Amino acid sequence: WNGSTSDPQEDVLALKGIVKPLIGEEPNCMIVGYDVHQKLLTNPTYRQAYQYVAPTDVKTMNKNLASWLGLDHYAVAGAYHNSAKEGQTATNAFLIDADNVWLGYMDQASSAEQTLTAWRVFAFTGGDGPMANRYNQGIETKVYDDTARNCTWHEANMYLDMKVVSADAGVYITDAVA
């Protein structure tokens with residue numbers, strides 16, 4: 001989306017048209033890597049559409065991008081992690097590649113954190129896997145007294161099985177910018 005003739009708006013509309021028949025909802029959320037975000041802000045088509053709008057802050061720019069792309073939610077993934085092997089010099093890398101994009105549907109009750117989790121796995125389920133039967137529908141609890149601190153401790157462990165419930169629920173674009 002960094003080419004002079006690229007049209008991210010047209011591309012997103014086309015992708016929304018592909019996903020909607022598969023899940024029954026129009027994709028309304030896009031999470032982009034840092035490099036993609038920077039290129040969208042300088043894309044000629046976007047700049048022409050918003051040439052007379054002076055962005056006052058980052059939040060306004062993100063709302064403008066969301067509106068331009070026909071989305072309710074737009075987020076820039078900027079988290080880092082140490083990607084070096086154990087014992088090696090620390091090397092920071094984006095948790096989500098800076099040139100990738102996820103486009104999908106997020107219901108209005110979901111939070112941004114849930115959406116970021118959904119990007120990785122799409123859905124979670126507890127209580128139906130092999131660990132669930134062993135641990136009372138996926139939750140193991142312990143209660144014990146700590147007389148030294150004059151209190152009762154409650155400890156709970158949750159066991160989840162993760163599975164993709166719909167690989168069609170979104171579109172993951174790699175290398176959206178060069």
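The values are calculated or read from the model by the stated rules, or taken from the named source; none is laboratory data. Model, not experiment: these values are computed from the prediction. No Cβ is skipped: glycine too gets one built from the backbone with ideal geometry, and neighbour counts run over all protein chains shown. Quick note on the areas: whole protein, heavy atoms, side chains included, nothing else; ligands and nucleic acids left out. Shrake-Rupley method; radii C 1.70, N 1.55, O 1.52, S 1.80 Å.
Restrict the check to region 13-32 and report whether at least one residue is of a type in the set (S, T, N, Q) and open to solvent by 60 Å² or more (accessible area, probe 1.4 Å). No, because not a single residue in region 13-32 is of a type in the set (S, T, N, Q) and open to solvent by 60 Å² or more (accessible area, probe 1.4 Å).
Any idea how many residues of region 40-83 are among the aliphatic types (A, V, I, L, M) and open to solvent by 30 Å² or more (accessible area, probe 1.4 Å)? Qualifying residue count for the region: 9. Scanning region 84-120 for residues that are open to solvent by less than 30 Å² (accessible area, probe 1.4 Å), β-branched (Val, Ile, Thr) and modelled with pLDDT under 65 returns a single hit, THR115.
Tell me, yes or no, whether region 74-82 has at least one residue that is β-branched (Val, Ile, Thr) and in contact with a Phe, Trp or Tyr (Cβ under 7 Å, 6 or more places away or on another chain). Yes, region 74-82 contains at least one residue that is β-branched (Val, Ile, Thr) and in contact with a Phe, Trp or Tyr (Cβ under 7 Å, 6 or more places away or on another chain).
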